[in-house]
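J.: If you scroll down you'll find the structure; I have some questions about it.
The values are calculated or read from the model by the stated rules, or taken from the named source; none is laboratory data. Keep in mind that what you see is a predicted model, and the values were worked out from it rather than measured. Here the Cβ positions follow ideal geometry from the backbone for every residue, glycine too, while neighbour counts run over all protein chains shown. For the accessible areas, the whole protein counts, side chains as well, though only heavy atoms, and no ligand, DNA or RNA atoms are used. Shrake-Rupley method; radii C 1.70, N 1.55, O 1.52, S 1.80 Å.
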Amino acid sequence: MDLPGRLVDGYRAFIDVRLPIELQRFERLAATGQKPEVMVIGCCDSRVSPEVIFDAHPGELFVVRNVANLVPPYSPTGLTHGISAALEFAVLGLKVKYIVVMGHSHCGGVRAFVEHRDRPDPGDFIDNWMSLITPTATALEAEGHPLRPDSLVRLEQASVVSTLANLMTFPWIRRRVEAQDLQLLGAYFDVATGHLSACDRDSGTFVPVVAFNARPASG
Ligand SMILES: [Zn+2]
């Protein structure tokens, strides 16, 4: 079966332009293994690729993406836990120095949570997965911030902060953080503008990563 034409065209562009530039890096990484210093936990959303946003080369970012960039609390049951397995590999195997949880604007997962919240017939997976942000949403509402589908930024950003707290429930993450061998960081990408902000842990607010004085010329 053929791959979609868009992928074949993209791959041709890759071997024409990028592969010649990156080939030595690929060869070295194949021989020595990967040693990324940064793990990024991002959303599946097609608009928020960490490799694109951070202009990353092969071997630089260990990326895990799921719906709404969430991490369930530590729960070593006999069930299958994709994100926890990736964390274990990144933290204990690769010994990454940073874990960045990157939320984003216009997140469909967060929107689904707000819109489906009282739905009597949850689907197979998304509603259950998104229930991870119920405590965050409940806390915001208790603080007087009603949740509306047209105003999700506060919940999207608060969810990043909650996910950073969930990461600390993993004992081997906590140990490495307390030993200052690992930093947990939050970020938030605005899809409409390309602006990236980072979480200030003291204030819980998100501040621009770099000055963004003017939009780049388009076209
Ligand atoms: Zn999303």
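J.: Amide H of Val191: which non-local residues (sequence gap of 5 or more, or other chain) have their own amide H closer than 5 Å, using H built in the peptide plane?
T.: Ser105
J.: Would you grab the residues whose amide H sits under 5 Å from the one on Gln183? Only those 5+ places off in sequence or on another chain, please, with H modelled 1.01 Å from N.
T.: Here the answer is Tyr98, Ile99, since their amide H atoms fall under 5 Å of that of Gln183.
J.: So what are the three principal axis dimensions of the range 128-168 from its Cα atoms, in whole Å, longest to shortest?
T.: 29, 21, 15
J.: Among Phe89, Thr136, Leu23, whose Cα projects farthest towards the positive end of the dipole of the chain, with charges put on the beta-carbon of Lys, Arg (+1) and Asp, Glu (-1)?
T.: Leu23
J.: Now, a different point. Mind checking the range 17-53 for trypsin sites (Lys or Arg not before Pro) that DSSP puts in a loop (not H, G, I, E or B) and that have at most 10 other Cβ atoms within 10 Å?
T.: Details: sites: Arg18, Arg25, Arg28, Arg47; in loops: Arg47.
In loop regions of the range 17-53 (DSSP not H, G, I, E or B), there are no sparsely surrounded trypsin sites (Lys or Arg not before Pro).
J.: Quick one: what Rg and Dmax do you get for the range 1-75 from the alpha carbons, in Å?
T.: Gyration radius and largest Cα-Cα distance of the range 1-75: 15.2, 45 Å.
J.: Using +1 on the beta carbon of Lys and Arg, -1 on that of Asp and Glu, and nothing else charged, what's the dipole of the range 98-196 about the Cα centre, debye to 20? Intermediate results must be reported in sequence, preceding the final value.
T.: Working: 8 positive and 12 negative charges, 61 e Å.
Value, rounded to 20: 300 debye.
J.: Also, quick follow-up: Given Cβ point charges of +1 (Lys, Arg) and -1 (Asp, Glu) and nothing else, what value in debye, to the nearest 20, does the dipole of the range 60-153 about its Cα centre take?
T.: With Lys and Arg at +1 and Asp and Glu at -1, about 340 debye.
J.: Which shape class, rounded, prolate or oblate, goes with the range 111-193 when its Cα gyration tensor gives a ≥ b ≥ c as root eigenvalues, a/c under 1.5 marks rounded, and past that a/b bigger than b/c marks prolate?
T.: Because a/c hits 1.5 or more and a/b exceeds b/c, the range 111-193 counts as prolate.
J.: By how many degrees, 0 to 90 and rounded to 10, does the Cα axis of helix 19-32 deviate from the longest principal axis of the chain?
T.: With both axes taken from Cα atoms, the answer is about 80 degrees.
J.: On to the next question. What does the charge dipole of the range 1-108 about its Cα centre add up to, to the nearest 20 debye, if the Cβ of each Lys and Arg holds +1 and the Cβ of each Asp and Glu holds -1?
T.: Charge dipole, the range 1-108, about its Cα centre: 180 debye, nearest 20.
J.: On alpha carbon coordinates alone, what is the Rg over Rh value for the chain, Rh being the Kirkwood radius?
T.: On the Cα set of the chain, Rg over Rh gives 0.99.
J.: A follow-up question, please. Could you pull the accessible area for Cys107 with a 1.4 Å probe, rounded to 10 Å²?
T.: In the full protein context, Cys107 sits at about 0 Å².
J.: For the chain, which whole percent of the accessible surface, found with a 1.4 angstrom probe, sits on carbon and sulfur atoms? The partial results should precede the final answer.
T.: Details: 7410 of 13260 Å².
Carbon and sulfur together cover 56 percent of it.
J.: Sort out for me the Cα centre separation of the range 94-123 from the range 12-89, rounded to whole Å.
T.: With the range 94-123 and the range 12-89 each reduced to a Cα centre, they are spaced 18 Å.
J.: What whole-number value in Å² describes the accessible area per residue of the range 46-136 for a 1.4 Å probe?
T.: For the range 46-136, the solvent-accessible area averages 53 Å² per residue.
J.: Moving to a separate point now. Which longest uninterrupted range of the chain lacks any chymotrypsin sites (Phe, Trp or Tyr not before Pro) assigned by DSSP to a loop state (not H, G, I, E or B) and surrounded by at most 15 other Cβ atoms within 10 Å?
T.: Segment 1-124 is the longest.
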